[in-house]
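Reviewing the structure listed below.
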């Protein structure tokens, strides 16, 4: 009986110690601290920039969380974060609440097919109808008589979100689309399937083999066409603050817009600001 | 005497907390999954969850119908069993009754190695070898189909089905076989009409455990079935299983959102179905005819 009691106490202590180790906070003294929250598209940039900043400034703490653009903006309004990261512009009523957006990068999504596919370009409308499942044969858009196999990304990915916003809205991608969990898997699938059509982030294109990016409305996706706004499947990414940023929030946004920060933007597969 | 009691006591003190930790962990996980999952039904109706045909968790408006995912899981699992049950059963009969001891010594460890290969390796094999093969063989627009998933899974559940049915067949009392042979039955006739029927409950248990293993498998299936949440219309349809939905979407689902709760609710469905299957299988294994 006594052994059981001791055992229970020992078990509780053990669980307690393990959770304490897992949850313990950083031992270094923190002088400045901010919370960044929002878009999963911008998350990799914010995360990498925060790590780079904290490496150089050990006293500063920048906590970065996902959740989506809307969640980030809502918690900025509530005051539970200092910077919202967003892949959409602010709505009118959000601007009226004193929110200010800062452009930090550009994002572009390339529509890709197998290298063996003779189709070189599509209109945005054709892309939309293919992904909606209305055009089902390459013959209908000037290609060979082959069934089209649509590949998409998991609906929680940032690349999916950009594609959905810029191409599909208000329609949905067909449920028949095969789902890939990363740019890498997408490129692998398209490179192995002459029937396939999919999309990858522009930063990924350089390292992918046996796939090619289509011209959209006659414009090829390049850094120049994204920066000058002629390539249609692209958008700005933002950091948003309530009022003019101050302190660490200002330092951090300035850092992301600096040449060092823009290098991180490119490393993460996005396009730097013009 | 006193020393022995102290030894007994300290042994108990040393081991009991660790046993308790594992039980507590299960309880914690159980409670966590159920609280997170059940709070879905304060946001959407269970009817919508179980009978809506569409799974579009991030669309506006979203829909969280799991029927396509359940059917996807069932189709892939059934195909896997369709392949692995005959293979496993015949293999088990061979190892238990026919093979000479030397071959038996060789086959059993090979089976165990097969069981020890990480599932991502099977997935990679499926993606690189089976997907193109299925596409070419059947002339399909894509090789990412329910059938491909079923083939990969059948290799993965084969060790489970084979080793448990082999145990069941081996443990049939030798009297049964001797009686049958003494009555003039051939060896094959004995296997067919006496040994296998006598081991039936164990073999059924093996199949059920194999089913449970197949339903729960995630990563290998995710890599080869295409992940499209549609109601499958043939074995060449791409499908999305329950496990792969959880694995692919949990990372980015917003904490506390309807989507997040829906993924946990899928977890409950999986949890309950494998629990029921396992309990059923355990009862069958315990039930001996002799």
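The values are calculated or read from the model by the stated rules, or taken from the named source; none is laboratory data. Here the structure is a predicted model, which is why all the values come from computation and not from measurement. Every residue, glycine among them, receives a Cβ derived from its backbone with ideal geometry; neighbour counts consider all protein chains shown.
In the range A:31-56, of all residues being closer than 12 Å to residue A:256 by Cα and touching a strand residue (DSSP E or B) at 6+ places or on another chain (Cβ under 7 Å), the one that is surrounded by the most Cβ atoms within 10 Å (Cβ to Cβ) corresponds to A:42.
Scanning the range B:226-248 for residues that are within 15 Å of residue B:78 (Cα to Cα) and more than 10 Å from every other protein chain (Cβ to nearest Cβ) gives B:232, B:233, B:234, B:235, B:236, B:239, B:241, B:242.
Only helices (runs of 4 or more DSSP H) whose full extent lies in the range A:111-194 are considered here, and the ones with at least 3 residues that are crowded, with 19+ Cβ neighbours inside 10 Å and at pLDDT below 95 are A:158-163, A:183-191. Comparison of B:78, B:42 shows that the only residue that is touching a helix residue (DSSP H, G or I) at 6+ places or on another chain (Cβ under 8 Å) and either closer than 30 Å to residue B:126 by Cα or more than 14 Å from chain A (Cβ to nearest Cβ) (or both) is B:78.
Taking the range B:181-254 and the helices (runs of 4 or more DSSP H) fully enclosed by it, the elements with 2 or more residues that are under 19 Å from the mean Cα position of the chain (by Cα) and buried (at least 22 other Cβ atoms within 10 Å of the Cβ) are at B:200-216, B:219-224, B:242-250.
Only one entry in A:178, A:146 is free of Cβ contacts under 8 Å to residues at least 40 places away in the same chain and within 8 Å of chain B (Cβ to nearest Cβ), namely A:178. Taking residue A:79, is it modelled with pLDDT of 90 or more, away from chain B (no Cβ under 14 Å) and exposed (fewer than 12 other Cβ atoms within 10 Å of the Cβ)? Against the criterion (modelled with pLDDT of 90 or more, away from chain B (no Cβ under 14 Å) and exposed (fewer than 12 other Cβ atoms within 10 Å of the Cβ)), residue A:79 qualifies.
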